[in-house]
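Peer 1: Dropping the structure in here first, questions after.
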There are 2 protein chains.
Amino acid sequence: MSPSKTAFIGLGVMGSPMAGHLVKSGHKVTVFNRTPAKAEAWCEEYGGERAATPAQAAAEADFVFICVGNDEDVRAVALGDTGALAGMAAGAVLVDHSTVSAHLARELAEAAGACDVGFLDAPVSGGQAGAENGALTIMVGGEEAVFERAAPVMDAYARAVTLMGPAGSGQLTKMVNQITVAGLIEALAEGLAFAVNAGLDAKKVVDVISKGAAQSWQMENRAGTMLEGEFDFGFAVDWMRKDLDICLEEAKRNGSELPVAELVNRFYEEIQKAGGGRRDTSSLIGRLPRGNGVEK
Amino acid sequence: MSPSKTAFIGLGVMGSPMAGHLVKSGHKVTVFNRTPAKAEAWCEEYGGERAATPAQAAAEADFVFICVGNDEDVRAVALGDTGALAGMAAGAVLVDHSTVSAHLARELAEAAGACDVGFLDAPVSGGQAGAENGALTIMVGGEEAVFERAAPVMDAYARAVTLMGPAGSGQLTKMVNQITVAGLIEALAEGLAFAVNAGLDAKKVVDVISKGAAQSWQMENRAGTMLEGEFDFGFAVDWMRKDLDICLEEAKRNGSELPVAELVNRFYEEIQKAGGGRRDTSSLIGRLPRGNGVEK
């Protein structure tokens, strides 16, 4: 992989280490962040350059990566006079790593196409640890030729990069992931809270049932902390709510029914209202009655 | 393990191969089944003996195993004049492998104790394949001394036999398993149906997301058949409904809330009413709209 000129927009808990991996892989990286202090700190740590606007960051880049919060945030840094697209040269590629709606992905693909710029929607999974260890899973929507050019650059922070279909397909795949994870965590939470209320040794129960049909990544990685009432880590309820809102809106559009995802979204809303929005998604167990032992 | 005199009551899809494994391990086995033809067929295949009542089957046995349907079925073969307990000698052990209520388990433990007979509630997981391959997971409630005597005999058909606590703890552990599995399958079904409706290659989606936080035994073992609409195998909806009813009743007793398990139980009820009671539990996907491809 020959070094490329890149721009990275959005230096949060995900974007900051991802952009760092680009530097470590030998790419030239120019960054932009809405809070300039974060971009300054990033440049001190990794030695890249800092731009005053997304358009300026993108001006010289062959590949521009965005990793911000929601649809509105992506629009703000991608579109308009100071947005990334305004600065990009024909033939360059814009990649959006944010988890946003599929229709925004299609809109950006169209806007990019009008500027002769390639576009990929490329949400990630693997969390902060995956970003730090360069082991993210990336689900990509877009054209194959564009994908082939950008995938080797994304390898800097990915364990797997897969083209799922045309523009929007990356976002839709991420939605399937979030729908499945949300219901799965609630099912695990209900089982664990029941175990506690039944007076069982819940950790022993997990040891036994994780060998069979109840096994899941969530059970192996979260049951212990759920039983300890530890939620100050991981993927925040606030982010999951944003993602589930996107899923539920898309479900209306494509005719899907998501009764459990909808219910779990309401449970997360309760947790937010009770001040738990920054807690890990496994904090679903916190709203279930548990007769003894577990901190609420 | 020295050979024991055993009795096995209930030769269904689980009990029949389990009793067969006892013969293969060198134990003497006398069987009883409500439908005598099944007992005859079993004796022809495995060469054990057949009794006219549970009491007669149990008369000479050091260990008596029951594997039938619900609370009522267990009462019918364990209690009363012709029930197993009536025939058992002091010092023998009664083991119930059926999935039933925890209060029946405690009641049987008391009734057995009054006859100086040991009792273990010992529901299994691993399904028909686990029974046939002698690879069941057995969750046991009862006294440790009784468990120590019976566990080596159960090894004939088990991969793991674990004492979970006093009488009833085996059943309660199995309930945790079923609660978790029920919600997990629905979450997976919602994700897969959404993938289909979104026009994604759903198998490719499974390949990608099964590497991370959405991974589960159900995803690895059932997503493929769910997408193909194959449900004529596995663990029947009728059995899961019976188990979930037990879970929901116990939840009322111990103060647990099971919103998703309750919802999924209603979905299974719908499937039963539509004539799908014998289908595998993964048939939950069958009641969700899927725009293209999957057989309803």
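The values are calculated or read from the model by the stated rules, or taken from the named source; none is laboratory data. This is a predicted model, so every value here is computed, not measured. Here the Cβ positions follow ideal geometry from the backbone for every residue, glycine too, while neighbour counts run over all protein chains shown. In case anyone asks, the SASA skips ligands and DNA or RNA and just uses the protein heavy atoms, side chains included. Shrake-Rupley method; radii C 1.70, N 1.55, O 1.52, S 1.80 Å.
Peer 1: I'm trying to understand the selection: among the residues of segment A:205-229, which are without any contact (Cβ under 8 Å) to a residue 60 or more places away in the chain, part of a helix (DSSP H, G or I), facing another protein chain (nearest Cβ under 7 Å) and touching a helix residue (DSSP H, G or I) at 6+ places or on another chain (Cβ under 6 Å)?
Peer 2: Hits for segment A:205-229 are A:V205, A:I209.
The rows are residues; the columns are (1) in contact with a Ser or Thr (Cβ under 6 Å, 6 or more places away or on another chain); (2) crowded, with 21+ Cβ neighbours inside 10 Å; (3) assigned by TED's automatic domain parsing to the domain that holds B:Q128.
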{"site": "B:A37", "(1), (2), (3)": "no, no, yes"}
{"site": "B:Q56", "(1), (2), (3)": "no, no, yes"}
{"site": "B:V68", "(1), (2), (3)": "yes, yes, yes"}
{"site": "B:A90", "(1), (2), (3)": "no, no, yes"}
{"site": "B:V93", "(1), (2), (3)": "no, yes, yes"}
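Peer 1: Still on this structure: Against the definition (outside any helix (DSSP H, G or I) and open to solvent by less than 10 Å² (accessible area, probe 1.4 Å)), how does A:A187 come out, yes or no?
Peer 2: Criteria not met by A:A187.
Peer 1: Let me ask something else. Answer yes or no as to whether A:L227 is more than 17 Å from B:K204 (Cβ to Cβ) and surrounded by fewer than 23 Cβ atoms within 10 Å (Cβ to Cβ).
Peer 2: Here the answer is yes, as A:L227 does meet what is asked.
Peer 1: Same structure again: Taking the stated definitions as given, is B:L244 in contact with a Leu (Cβ under 8 Å, 6 or more places away or on another chain) and open to solvent by less than 20 Å² (accessible area, probe 1.4 Å)? Outline the logic, then answer.
Peer 2: Values: in contact with a Leu (Cβ under 8 Å, 6 or more places away or on another chain): no; open to solvent by less than 20 Å² (accessible area, probe 1.4 Å): yes.
Here the answer is no, as B:L244 does not meet what is asked.
Peer 1: Mind counting the residues in segment A:269-280 that are in contact (Cβ under 8 Å) with a residue 40 or more places away in the chain and either out of contact with any strand residue (DSSP E or B) (no Cβ under 6 Å at 6 or more places or on another chain) or not in a loop (DSSP other than H, G, I, E, B) (or both)? Outline the logic, then answer.
Peer 2: Initial filter on segment A:269-280 (in contact (Cβ under 8 Å) with a residue 40 or more places away in the chain): A:276-280.
Still in the running and either out of contact with any strand residue (DSSP E or B) (no Cβ under 6 Å at 6 or more places or on another chain) or not in a loop (DSSP other than H, G, I, E, B) (or both): A:276-277, A:279-280.
So the count comes out to 4.
Peer 1: Pick from segment A:194-204 the residues that are part of a helix (DSSP H, G or I) and over 21 Å from B:P259 (Cα atoms): which of them is nearest to the other protein chains (Cβ to nearest Cβ)? Don't jump to the end; show me each part of the working.
Peer 2: Start the filter on segment A:194-204 by keeping residues that are part of a helix (DSSP H, G or I), which leaves A:194-197, A:202-204.
Filter again for over 21 Å from B:P259 (Cα atoms), leaving A:203-204.
On the way: A:K203: 11, A:K204: 6 Å.
The residue in question is A:K204.
Peer 1: Can you tell me which residue is nearest to the other protein chains (Cβ to nearest Cβ) among those in segment B:119-134 that are in contact with a helix residue (DSSP H, G or I) (Cβ under 8 Å, 6 or more places away or on another chain) and crowded, with 22+ Cβ neighbours inside 10 Å?
Peer 2: Filtering first and then ranking leaves B:S125.
Peer 1: How about segment A:230-257: which of its residues are at the interface with another protein chain (Cβ under 9 Å from one of its Cβ atoms) and in contact with a Phe, Trp or Tyr (Cβ under 7 Å, 6 or more places away or on another chain)?
Peer 2: Of everything in segment A:230-257, those that are at the interface with another protein chain (Cβ under 9 Å from one of its Cβ atoms) and in contact with a Phe, Trp or Tyr (Cβ under 7 Å, 6 or more places away or on another chain) turn out to be A:A251, A:S256.
Peer 1: Anything in segment B:70-88 that is in contact (Cβ under 8 Å) with a residue 40 or more places away in the chain and either in a loop (DSSP other than H, G, I, E, B) or not assigned by TED's automatic domain parsing to the domain that holds B:P36 (or both)? List them, or say none.
Peer 2: B:N70 - this is the single residue of segment B:70-88 that is in contact (Cβ under 8 Å) with a residue 40 or more places away in the chain and either in a loop (DSSP other than H, G, I, E, B) or not assigned by TED's automatic domain parsing to the domain that holds B:P36 (or both).
Peer 1: Can you report the number of residues in segment A:233-268 which are assigned to a loop (DSSP other than H, G, I, E, B) and either at pLDDT 95 or above or in contact with a His (Cβ under 9 Å, 6 or more places away or on another chain) (or both)?
Peer 2: Of the residues in that region, 4 qualify.
Peer 1: I'd like the residue in segment A:230-258 that is small (G, A, S) and touching a residue at least 40 places away in the same chain (Cβ under 8 Å) and, out of all such residues, is nearest to A:I271 (Cα to Cα).
Peer 2: A:A236
Peer 1: Here's something else I'd like to know. Tell me which residues, restricted to segment A:117-156, are on the phi > 0 side of the Ramachandran plot and not in a helix (DSSP H, G or I).
Peer 2: The first filter runs over segment A:117-156 and keeps only residues on the phi > 0 side of the Ramachandran plot, leaving A:126-127, A:134, A:142.
Those that are on the phi > 0 side of the Ramachandran plot and not in a helix (DSSP H, G or I): A:G126, A:G134, A:G142.
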